[in-house]
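We did not get these values from a lab; they are worked out from the coordinates using the rules stated. It should be emphasised that the depicted structure is a prediction, and the values quoted were computed from it without experimental measurement. Cβ placement follows ideal geometry from the backbone for every residue including glycine, while neighbour counts extend to all protein chains displayed.
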Amino acid sequence: EDIDQVEADVFAENGARADAGRIYQLKRELLELKRAVVPLARPVQELATRPIRVIAPEIQAYFRDVSDHLLRVTEQIAAFDELLNSILQAHLAQVTVAQNEDMRKITAWAAVIAVPTMVCGLYGMNFDHMPELHWRFGYPIAIGVITLACLVLYRGFRRNGWL
């Protein structure tokens, strides 16, 4: 049930609901179960197959049944472990995709902010021989170019889904 719930959480609409810690906790519980079950396989197999004087043949049939159940439990533990590994990988992939989305947005905003930073940095160098410094509309044109460039970048990034 717990594994099914974790799997449902990972593949839900908002995969961020899943918790990697919960997945690791389930893997830890499986490991503890495996440590308890696996050492029993060989002794139970011996009791089921070898003729032992103190064990009646009807009880050996019981041990064969127990051995079969033990084998199934061991296989089920391995299957659950593989499933949890797959769930964990899917969760980590979703986290990576979300982080990439965040980085894309941060990068797009940095590009939008870089334009006014560059233009203002150029004008902030106090050169005297820049013709547009002496134009009547030099300052409004510079502000307009900055605004236009930022708007073009913003719309382009917005259209591509980056913002």
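Numbers at a glance
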quantity	calculated
Identified option (computed semi-axes √(5λ) of the Cα gyration tensor in Å; candidates (i) 41, 28, 16; (ii) 73, 14, 8; (iii) 50, 14, 12)	(ii)
The chain, relative contact order [Cα under 8 Å, separation at least 6], %	23 percent
Nitroxide proxy distance, nm - points 7 Å out along Cα→Cβ at A149 and A20	3.9 nm
Spin-label pair M130/A110, simplified geometry with 7 Å Cα→Cβ offset, distance in nm	2.5 nm
Dipole magnitude of region 22-158 about its Cα centre (Cβ charges: Lys, Arg +1; Asp, Glu -1), debye to nearest 20	80 debye
